[in-house]
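Remarks on the structure that follows.
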Amino acid sequence: MQTELMNQDNFADVLRGISQRRRQGTLEVRFADRAYRLVFVQGKIIEVLQPGISPAKELSKRLKAAGVLPESFELAAAGYKALWQEIQKHPVASSQLDQVSFERAVKHRVLDKLYEISAAQGAFLNFDSALLDIERDFLPSVSVGQFLLDVVSLEAEASRMAGLETPGKYLRRGEAQPQSLSEGEQVLFSLLNEPCLCEELRTRSLLSKFAFQEAVLELIEKGHIVVENDSPLLSSEEFLDKGLLDGIDASIDEAFGELAMQQENSVPEPQVLAQAVEPVLTISPSSSGPQRGAFTARVALMSARLAHNPFVPAVVVLCWVCAAVILPWLLWDSVFLSFVSP
Amino acid sequence: MESAVRFIKIVTLVVTIPLLLSAVPVWADGDTASSADDQAGVSEHSSSVSLPLARIQDTWRNILEAMGQHDLKRVNQLVIELDSLKLIADVRGLDSYALSLIDVARRHFKVGQRSEAAFYIRKALQLSPDSPIVLAKAFPLVRETSSISVPSYLSRIMNGVWSHPKVWLQLLKGSIYPLLLAFTFGVMVAILLTFVIKVDSLIRMIGKPISSAYRGLIAPLLLTLLVLLPLTLGPLWTVCAWCLCLYIFLPQHRWLGFIGSAVLVAWGCLIPVRESLQTWLMNPGIQTMLDGSSGEFREGASERLEALAAQRSRDGALFFSLGQALRRSGRYADAEHAFLRAEVLLGSQAWTRAERAVNAYLSGNAQQADALFIEAEKLGLRNAAFYFNYSKVKLELLDTEKSREYLGRTVSMDPELARTLQQREELLGPDARLAVAETHLPFYHILNSALMPTQNLQTRLDEFSQILMPGASPPLMSLVGAALIGMFFFVQRRRSRVVPLSSYANTGFPQLVQRCMRIIPGGAWIAVNRPVIACALLSVSLFLLMPILHWPFESSGLMEIIPELAPYYVSFVSLLVLGTCYVGVHVEE
């Protein structure tokens, strides 16, 4: 087990160290407000997990946002394999998604999760060589080198992408005939049957942030995609009225939806220990009286704080060590004395 | 390959020497007392009425006088005389005299008289050449005053131990509690450190069934109580409770629980063995019997053994020794009865047949002796003593060819024994009762004798077990341990589950605890999830540290018997502990 503080200098070193030694295990990256667990096999990243978030559910959400899955689609079981089986059974979804696209969606979900990890924010790193027993079907194998290069490129082209993502700019097919397109470029080009916003295209493409950026900039350079300032669909006022406000509404719904999902996940799945142990502050409105409710709330709040305070295990350990040294001397004198003389 | 074998031998010696010396205190006390008696001119030999033993006593008095006059030449002559008398009297070693000479040698060495010290050491080893206690006590001075090969000297000590059942049994008795205590504390520390490094997981598991509103408050308290409460019930209940916790919460470390359970079973089985040995060895009659099994019979041995035989009528080894003692005192008919009784109790085996054959030969019945020797040979007895005695019978029956053949076998098997017995024949005559070779019972028969039930043992056992595990008797300890071992087979290794993140993630341990774990020999292996290796290293280190700590009392023999060895031993153990910690730090990295 290796634990250290992450900064801009050592994060890449840690990843390279794991990759070069072809280690397997999990690297936990804990920020102040969120945490990630990177699963390594033979030095390559195969999955990125977050507490309380099921990767398969997250993927199904991405697929729904991309319009591949209908909104009515409900994922019954956990895991990519189960999701793929359910998609195959679904009459509409199965016609819109083949296995290659599904695998690509899984890979780009993992990549997007990786790009969310920013070394500049500062976090705790903790590598545990014990490998998690997770389902391996459909999981990608992302090389650390590739990821690190992607991060550098993302930062370098950030300003260009910001320009594309400004409100009012939309993308449409250019005049040039497409020749020798990469996989990502083909995906984007095929989706641009009609003009659309950059963000919308990205959502529909199911590509990761970097893959999308690389493909879209390449297509623009080749002239296969043209950026235009005025939307053919909405005026700027209409965009503000409808697009932006809808977006705000959606984000609020999404936030509540996530909270609801967290609460749902925290109790009924006993095998997901972390979810079961994560403190959920629930104050019953039917408590007898406001005083009791306030007290319960205070206790629950304290309990929640303690459950996340790394100081608590340290205190417990110190208690054990002190007691293990002192108690035998106090209580086992007859044991020690009986071996002092025949 | 050869160097590997040599290495293994040296390691065996290094590991066995503390064991040997851990058994010494009671023994050493007895010898010191004897030495004091000898100095005062009063010893058990003084009561002797037989000529050789009385002459030995007289000669020793003369040696003391000569030492007082610093007449080394005369001392030398008298020691040579004493050596001859020893042979005539069939006394294997004069340990108490030899130890006195070692004390004198030490005094000379302290004042810088190296040559005198070397002289007295040589004479001491001449009087008791194969006594492990004499060899061990003489070791530091032998090293200082002469050039010896340390491994060969140590192997000489080991051979001495091997040929003295009394020493073996003292060794066994003296090593039981130190070993058990070392393993008990080793397991306890290993389990506690395993809990320490898994504290966050343990809190999460304890907190799982608790309501989330109180989990953060209650789980750490509950876990602390669970771990610390057993400490109030004594060490063995603590081991028991912690093993259970390991099985329930950390099944991936269930092998550590298995070791803890095995330690409980060992306590349950070995407390009766050790206490039985203790009571048994304290008995003067038993001490006479053990002297006899080492080939040393003192005056009054047969009377003491007869008195003991009346109390222990089921002890075959005792009747065997009684037979030998009676034969040496010329009471052949009584000896035959004793051997027959031993044969009934020990079952059909070769040793009583061979002794009966010797008895028959000495009482003048060579034909019966021949028949009994044939039976003994059929039962598998083929050692040097057997062939020497048989050659005498064949000579008596005028079968000179066979006699020569058997004597040749004796010489080829054990030239030293053949030489000694032939010398004794020359001095005492071929038909003398001391000019025959003694047959010794195998060690397991003596051990069986030691483990026979003794009066008032149960009270002692109950008292002792209450101290270690209140409310439990030795059988209950074994039962609890066996139940835990049974649980081991039902606890399956839990597979790691998808637990992306949880409470107390990235828990950093206090620096103090981290450093302590590195200082503890084997602690680093806990940090790399190898608690069984850690437990083994901890237990061995504790066992080696016990002679330095003088606890338990049986371990203090090392420092008492060879004080000169103490600095070397302390250095050796310190280096070993430091080496273990150093390797541990690298393993951890």
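Results, tabulated for the structure shown:
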quantity	calculated
Filtered residue count, region A:30-50, keeping only those that are over 15 Å from A:V110 (Cα atoms) and at the interface with chain B (Cβ under 8 Å from one of its Cβ atoms)	1
Some residue of region A:187-195 being surrounded by 14 or more Cβ atoms within 10 Å (Cβ to Cβ) and touching a Gly at 6+ places or on another chain (Cβ under 7 Å)	no
Matching residues in region B:301-313 - criterion: being assigned to a loop (DSSP other than H, G, I, E, B) and buried (at least 16 other Cβ atoms within 10 Å of the Cβ)	B:R312
Boolean, B:C269 is within 14 Å of another protein chain (Cβ to nearest Cβ) and either part of a helix (DSSP H, G or I) or crowded, with 18+ Cβ neighbours inside 10 Å (or both)	no
Region B:220-231 - residue that is in contact with a helix residue (DSSP H, G or I) (Cβ under 6 Å, 6 or more places away or on another chain) and more than 9 Å from every other protein chain (Cβ to nearest Cβ) and, of those, surrounded by the most Cβ atoms within 10 Å (Cβ to Cβ)	B:P230
Residues of region B:286-300 classified as part of a helix (DSSP H, G or I) and surrounded by fewer than 22 Cβ atoms within 10 Å (Cβ to Cβ), total	2
Test: residue in region A:18-35 that is in a helix (DSSP H, G or I) and surrounded by fewer than 18 Cβ atoms within 10 Å (Cβ to Cβ)	yes
Among residues of region B:84-128, those that are open to solvent by less than 50 Å² (accessible area, probe 1.4 Å) and under 20 Å from B:G292 (Cα atoms), counted	15
Selection from region B:364-404 of residues that are of a type in the set (A, V, I, L, M), open to solvent by less than 40 Å² (accessible area, probe 1.4 Å) and in contact with a helix residue (DSSP H, G or I) (Cβ under 6 Å, 6 or more places away or on another chain)	B:A366, B:A369, B:L372, B:A376, B:L381, B:A384, B:V393
Helices (runs of 4 or more DSSP H) wholly inside region B:344-444 containing at least 1 residues that are modelled with pLDDT of 90 or more and farther than 26 Å from B:I88 by Cα	B:350-362, B:366-378, B:400-413
Residue within region B:429-438 that is within 27 Å of B:G364 (Cβ to Cβ), aliphatic (A, V, I, L, M), exposed (fewer than 13 other Cβ atoms within 10 Å of the Cβ) and free of Cβ contacts under 8 Å to residues at least 24 places away in the same chain present	no
Test: residue in region A:101-111 that is aromatic (F, W, Y), outside any helix (DSSP H, G or I) and more than 30 Å from A:N10 (Cα to Cα)	no
Matching residues in region B:443-470 - criterion: being surrounded by fewer than 14 Cβ atoms within 10 Å (Cβ to Cβ) and more than 14 Å from chain A (Cβ to nearest Cβ)	B:Y444, B:L451, B:P453, B:Q455, B:N456, B:T459
Matching residues, region A:196-219, being free of Cβ contacts under 8 Å to residues at least 24 places away in the same chain and open to solvent by less than 70 Å² (accessible area, probe 1.4 Å)	A:R202
Count of residues meeting criterion [open to solvent by 50 Å² or more (accessible area, probe 1.4 Å) and not in a helix (DSSP H, G or I)] in region B:531-556	1
Members of region A:130-147 that are within 13 Å of another protein chain (Cβ to nearest Cβ) and at pLDDT 80 or above	A:L139
Neighbours by Cβ (under 9 Å, 6+ apart or cross-chain): first from region A:133-149, among the small types (G, A, S); second not in a helix (DSSP H, G or I)	A:S141/A:V41; A:S141/A:Q42; A:S141/A:K44; A:S141/A:I45; A:S141/A:I46; A:S143/A:G43; A:S143/A:K44; A:S143/A:I45
Filter pass, B:L217 being surrounded by 20 or more Cβ atoms within 10 Å (Cβ to Cβ), at the interface with chain A (Cβ under 10 Å from one of its Cβ atoms), part of a helix (DSSP H, G or I) and free of Cβ contacts under 8 Å to residues at least 12 places away in the same chain	yes
For A:S101: the one exception among (1) farther than 30 Å from A:Q186 by Cα; (2) at pLDDT 85 or above	(1)
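For every residue, the table says whether it meets (1) part of a helix (DSSP H, G or I); (2) at pLDDT 70 or above; (3) within 33 Å of the chain's Cα centre (by Cα).
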{"residue": "A:I283", "(1), (2), (3)": "no, no, yes"}
{"residue": "A:L301", "(1), (2), (3)": "yes, yes, yes"}
{"residue": "A:N309", "(1), (2), (3)": "no, yes, yes"}
{"residue": "A:V317", "(1), (2), (3)": "yes, yes, yes"}
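The values are calculated or read from the model by the stated rules, or taken from the named source; none is laboratory data. All of these numbers come straight from a predicted model, not from anything done at the bench. Please note: Cβ atoms are built from the backbone with ideal geometry, for glycine as well, and neighbour counts cover all protein chains shown. Just so you know, the surface numbers come from the protein's heavy atoms only, side chains and all, with ligands and any DNA or RNA stripped out. Shrake-Rupley method; radii C 1.70, N 1.55, O 1.52, S 1.80 Å.
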